[in-house]
There are 2 protein chains.
Amino acid sequence: MFKKFKIPDATIGRLTAYSRFLKEADEKGISTVSSQHIAEATGVTPTQVRKDLAYFGEFGTRGVGYNPRELYNYIMKILGLDKKWKVAIFGAGHLGTALSQYKGFLERGFEIVCIFDNDPEKVGKKLNNVEIFHINDLKTKARELNIELGIVAVPAQAAQEVINQMVEAGIRGIINFAPVNVTVPENVVLRRVDLASQLEYLTYYLGENR
Amino acid sequence: MFKKFKIPDATIGRLTAYSRFLKEADEKGISTVSSQHIAEATGVTPTQVRKDLAYFGEFGTRGVGYNPRELYNYIMKILGLDKKWKVAIFGAGHLGTALSQYKGFLERGFEIVCIFDNDPEKVGKKLNNVEIFHINDLKTKARELNIELGIVAVPAQAAQEVINQMVEAGIRGIINFAPVNVTVPENVVLRRVDLASQLEYLTYYLGENR
């Protein structure tokens with residue numbers, strides 16, 4: 001697999017924020033924005049904005065700024081968001097249900113196409129208009145629906161096995177919400193969302209020891 | 001408020017990972033680990049481990065390594081985790097319910113003490129043994145239960161108002177799961193968990209344009 005050069009995760013997160021602001025600016029009919037504008041709207045410094053964009057080449061006109069639509073389109077392309085992505089959720093519990101309702105996905109081009117579970121009570125039903133299939137049908141459905149990304153919202157003890165099945169079914173990008181370390185082959189991109197560590201970003205700043 | 005010096009978010013995330021590994025190593029009775037060991041267990045380079053730790057001073061003995069328990073305790077202190085934190089969840093929908101069940105919180109010292117909602121059908125009931133209170137009782141309960149951190153799992157349109165109430169009730173650290181930008185005063189630490197942007201970390205690496 002062709003590997004992209006490594007840029008900091010935080011840069012990717014900020015590009016997302018910049019793109020949201022640029023879209024709004026374009027929709028308001030604004031034709032030029034400066035790195036100062038982008039910085040103010042997203043809570044970073046102008047230097048940081050310029051540094052983040054510099055990873056990807058030359059943008060804008062010195063002393064003039066950026067055209068919001070052009071920069072937006074370019075960032076979306078960098079983020080791989082110039083296409084729609086088909087996403088499946090694994091686990092139809094509370095977290096899977098919450099994720100299937102999440103409004104922010106479609107807006108960025110992520111279409112939740114189905115949910116997988118192993119509970120016969122749940123299989124065949126729909127969550128927010130998205131059908132629940134049995135995990136045993138994953139291979140067939142993955143091909144049929146062209147599933148590219150998967151979100152894992154199963155209990156920790158089931159996560160590795162479900163992820164193995166996802167990899168076998170050809171899913172190339174996986175987000176794991178289960179609080180457990182799992183492994184994938186090198187050609188699969190895995191990201192763990194550790195909910196406790198989200199709290200640790202707060203306590204780092206709130207801790208009273210220093 | 002005393003502000004800590006700014007270290008990259010990604011470093012805080014990695015410190016969390018290092019601390020989990022160090023705890024395991026200590027529990028296994030291992031008395032010395034190298035940055036190489038820590039790096040291998042957490043999927044980063046040894047240079048990155050040394051760089052991350054260097055933000056906080058001198059550790060270990062050159063050519064010998066680190067004592068897992070000492071380094072673990074030190075990192076927990078850096079992360080503000082040498083004390084327990086009282087956490088409230090806002091919103092008793094699917095996401096709030098999923099969060100109230102999440103096993104990983106208590107393990108890191110985060111105790112979910114209650115849930116707030118405005119639905120009279122839910123108030124007074126319990127989710128996983130955690131009581132649901134009415135949001136109108138927030139000020140009283142925040143004082144009574146010494147709530148320090150809050151997790152926002154309410155619909156986007158309600159988030160800013162709930163967060164205003166949290167700030168007024170003295171909550172100093174807030175995680176916002178609602179897909180909307182909100183503001184807090186300078187003395188409050190806010191972190192937004194944008195679930196769509198989690199997917200964008202994957203598509204950045206999977207995008208086919210470069």
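Just a few scattered comments:
- For beta carbons closer than 6 Å, sequence separation of 6+ or different chains, a first residue in the stretch A:120-136 that is without any contact (Cβ under 8 Å) to a residue 40 or more places away in the chain and a second that is charged (D, E, K, R) and outside any strand (DSSP E or B), the qualifying pairs are A:PHE133/A:LYS141.
- Exactly one residue out of B:VAL87, B:VAL49 is closer than 26 Å to A:ASN181 by Cα and free of Cβ contacts under 8 Å to residues at least 40 places away in the same chain: that is B:VAL49.
- Inter-residue pairs, beta-carbon under 6 Å, first aliphatic (A, V, I, L, M) and in the stretch A:20-45, second surrounded by fewer than 19 Cβ atoms within 10 Å (Cβ to Cβ) and part of a loop (DSSP other than H, G, I, E, B), 6+ apart: A:ALA39/A:THR45
- Number of the exception - A:ARG108 against (1) closer than 18 Å to B:THR203 by Cα; (2) more than 9 Å from every other protein chain (Cβ to nearest Cβ): (2)
- When the test is whether a residue is among the small types (Gly, Ala, Ser), within 14 Å of chain B (Cβ to nearest Cβ) and surrounded by 21 or more Cβ atoms within 10 Å (Cβ to Cβ), A:GLY173 passes it.
- Failed item, numbered, when A:GLY80 is tested on (1) more than 13 Å from every other protein chain (Cβ to nearest Cβ); (2) at positive phi; (3) surrounded by 17 or more Cβ atoms within 10 Å (Cβ to Cβ): (1)
Table: residues versus (1) assigned by TED's automatic domain parsing to the domain that holds A:ALA142; (2) loosely packed, with under 14 Cβ neighbours inside 10 Å; (3) not aliphatic (A, V, I, L, M).
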| residue | (1), (2), (3) |
| --- | --- |
| A:ASP26 | no, no, yes |
| A:VAL44 | no, no, no |
| A:VAL64 | no, yes, no |
| A:PRO68 | no, no, yes |
| A:LEU71 | no, no, no |
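- Candidate set: the stretch B:176-193, residues that are facing chain A (nearest Cβ under 7 Å) and within 19 Å of B:GLY13 (Cα to Cα); chosen: the one modelled with the lowest pLDDT: B:VAL193
- Top-ranked residue of the stretch B:86-101 - restricted to ones that are farther than 20 Å from A:LYS103 by Cβ and crowded, with 20+ Cβ neighbours inside 10 Å, ranked as farthest from the other protein chains (Cβ to nearest Cβ): B:ALA88
- Those residues of the stretch A:3-57 which are hydroxyl-bearing (Ser, Thr, Tyr) and more than 17 Å from the chain's Cα centre (by Cα), in sequence order: A:SER31, A:THR32, A:SER34, A:SER35, A:THR42, A:THR45, A:THR47, A:TYR55
The values are calculated or read from the model by the stated rules, or taken from the named source; none is laboratory data. The structure presented is a predicted model; accordingly, all values stated were derived computationally and were not measured. Counting neighbours? That spans all protein chains shown, and the Cβs are built from the backbone with ideal geometry, glycine included.
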